[in-house]
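Worksheet: the structure to be examined is printed underneath.
A short reminder: the numbers here are calculations on the coordinates, not readings from a lab. Remember, it's a predicted structure, so these values are computed and weren't measured experimentally. Here the Cβ positions follow ideal geometry from the backbone for every residue, glycine too, while neighbour counts run over all protein chains shown.
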Amino acid sequence: METINPTPISIDLVGLPEEAIHVVESLVSLLKAQSRLPASKARLSSEEWVKNLEEWAASHPRLDHVADDSRESIYAGCGE
């Protein structure tokens, strides 16, 4: 993994739901942690990857209904 310039970069998350912001923060934390590992440790085995994914998924609240991920619901109120 190559070293990236440590200059801070900002990402505009204005208007995103709180849950989406938490997902982005989690992903950035994981990527930062992974980039600090030696190259030989940066790549997880498939078992480790699945374990991490399942732990990440379990850390989110369960919905008692099916989430509406239709195009109409995603873009509702966006001026279409």
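Rounded, prolate or oblate: pick one for the range 18-74, where a ≥ b ≥ c are the square roots of the eigenvalues of its C-alpha gyration tensor, a/c under 1.5 means rounded, and failing that, prolate if a/b is larger than b/c, else oblate.
prolate
Would you please put 50-59, 8-17 in order of how densely packed they are, using the mean number of other Cβ atoms within 10 angstrom per residue and starting with the highest?
Going by the mean number of other Cβ atoms within 10 Å, highest first, we get 50-59, 8-17.
Can you give the FRET efficiency to the nearest 0.05 for H65 and E18, using r as the Cβ-Cβ distance and R₀ = 22 Å?
Using R0 = 22 Å, I get an efficiency of 0.75.
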